[in-house]
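Written below as structure tokens is the structure these notes are about.
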């Protein structure tokens, strides 16, 4: 009876040992499988491939080796209009044209004579401008033409501004700039019936020329 009990106890211990051994083998196999899966899974700490184009690089990976330059901004270039060679001395209302060698009738003198300049009409007291840079060479009061201002504008051009107010002109040897006021409109006794106007005469290289044509050149 005791022999039979010893055999049953030995069998029970053998079964228990086999169960423990099976459990250990199962745990080892599971651990090995998990290790293999970890090796196949992507690592979150891996850096981006060096040959990946910059535009496709992950946002959290800093891009190095790319030179930085400020974006070019278009700047507007101001282009100044070219300065005209000559300006009109006042408005473009013409009372009487230059006649050259042809005679025209004078309302004031009631005769026929050549008209040696161009008459620009306006109200008395209006400003008269320098047609170009120059130097005042003469200021005089003429019995026929009123106050006459003579300016050397260079390049052989000499202009006579006739019919200015007394005391409104710069002095002799004064330098004047194009477009500055060089006098006020007064009166011209020899052309008084034509109303207030500036009589402009111009000589180029000593020869009288049509002022209007020169101003348009």
Check your understanding: For the residue pair residue 171 and residue 208, what label-to-label distance in nm results when each label sits 7 Å from Cα along the Cα-to-beta-carbon direction?
Key -> 3.2 nm
Review point. At a Förster radius of 35 Å, what calculated FRET efficiency corresponds to the Cβ-Cβ distance of residue 141 and residue 92, to the nearest 0.05?
Key: 0.80
**Study point:** Point-to-point label distance, residue 107-residue 155, nm (Cα→Cβ direction, 7 Å offset)
**Key:** 3.4 nm
Exercise for review: Kindly state, to the nearest 0.05, the FRET efficiency for residue 99 paired with residue 127, given R0 = 25 Å and r defined as their beta-carbon distance.
Suggested key: 0.40
**Study point:** Average Cα contact separation per residue, region 94-215, under 8 Å, 6 or more apart, as relative contact order %
**Key:** 31 percent
Study note, to complete from the structure: Checked region 94-215 against the a/c 1.5 cut and the a/b vs b/c comparison, axes a ≥ b ≥ c from its Cα gyration tensor; verdict oblate
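Any read-out appearing in this document is the output of simple, stated calculations on the displayed coordinates, not a laboratory observation. If you're wondering where the values come from, they're calculated on a predicted model, not measured in any experiment. Quick reminder, even Gly has a Cβ in these numbers, built from the backbone with ideal geometry, and neighbours come from all protein chains shown.
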